[in-house]
1. Just to verify a number: what accessible area does Met108 come out at with the full protein assembly present, 1.4 Å probe, Å² rounded to tens?
2. Starting from the alpha-carbon convex hull of the stretch 80-119, give the projected area averaged over all orientations, in nm².
3. Quick one: length gained pulling Val43 to Met11 fully straight, 0.36 nm per residue minus the C-alpha distance?
4. With +1 assigned to the C-beta of every Lys and Arg and -1 to the C-beta of every Asp and Glu, and no other charges, what is the dipole magnitude of the chain about the Cα centre in debye, to the nearest 20?
5. Using Cα-Cα distances under 8 Å and only pairs 6 or more residues apart, what relative contact order does the chain have, in percent?
6. Among Leu116, Leu148, Leu66, which one shows the highest mean-square fluctuation when the chain is modelled as a Gaussian network with alpha-carbon springs under 10 Å?
7. If I ignore ligands, DNA and RNA and count only protein heavy atoms, how much of Thr74 is accessible to a 1.4 Å probe, in Å² to the nearest 10?
8. Say the dipole of the chain comes from +1 at the beta carbon of Lys and Arg and -1 at that of Asp and Glu; which of Met96, Val110, Ile23 then lies farthest toward its positive end?
Amino acid sequence: KYALQIFFFSMMVTSLSKPGSAILYGMEKQGFILKNSAILAVVNIGLSFWLIPKYGALGAAVCYSLVTMAGSITGLIYTCNKVSLVYPFKSIFKIMMSSIIMGIVMTMIVKQEAELLGFILSIPAGIVVYFISSTLWGTFEEEDYTLLKSLKKIFPGKWGKYVDSAVNFVASFKDG
């Protein structure tokens with residue numbers, strides 16, 4: 001049970017740095033990826049010999065997670081330095097908070113109605129809660145507003161006006 005939770009947490013962290021590896025490949029900086037991976041492989045082997053015999057699957061999950069997160073974070077830092085980028089920590093924090101709030105609401109619904117119905121009801125509720133949380137946190141960027149405004153074309157007549165009103169309402173929470 002805990003091993004899977006550790007894997008999910010590490011996947012959340014490592015997913016934030018996926019674009020960095022594409023940038024490095026595009027800049028032909030595979031040498032960094034090779035060197036970083038070689039160092040992490042040695043660390044992985046050492047941690048495996050230390051943690052797995054003592055803690056089993058939990059030790060393997062911790063070992064894997066630590067190594068993949070270390071690789072992702074070092075790669076992200078290197079990439080940001082190479083292309084002179086500032087990582088959007090503020091935006092990531094806002095998105096993370098909206099996701100946590102959504103997850104809490106979905107979990108509460110599933111626990112109330114633990115069958116398939118609870119799962120089905122949690123999905124639209126999660127979407128609504130995420131949207132509201134993201135609006136209140138001000139996570140939407142300019143391209144998000146452009147995308148939301150394009151929804152007006154999909155909904156004809158009166159529905160288009162409702163969508164436009166909703167987008168304008170969301171835009172009123174915009175930072176800055």
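The values are calculated or read from the model by the stated rules, or taken from the named source; none is laboratory data. As the structure is a prediction and not an experimental result, all values here were calculated from the model. FYI the Cβ positions are ideal-geometry reconstructions off the backbone, even for glycines, and counts take in every protein chain you see. When the accessible area is computed, the model is the full protein with side chains, heavy atoms only, and any ligands, DNA or RNA have been set aside. Shrake-Rupley method; radii C 1.70, N 1.55, O 1.52, S 1.80 Å.
1. In the full protein context, Met108 sits at about 120 Å².
2. So the Cα hull casts an average projection of 3.9 nm².
3. Details: separation 32, 0.36 × 32 = 11.52 nm, distance 1.89 nm.
The span from Val43 to Met11 would gain 9.6 nm if fully extended.
4. That gives the chain a dipole magnitude of about 100 debye.
5. 18 percent.
6. Looking only at Leu116, Leu148, Leu66, the biggest GNM fluctuation is shown by Leu116.
7. 60 Å²
8. It is Ile23, whose Cα lies furthest towards the positive end.
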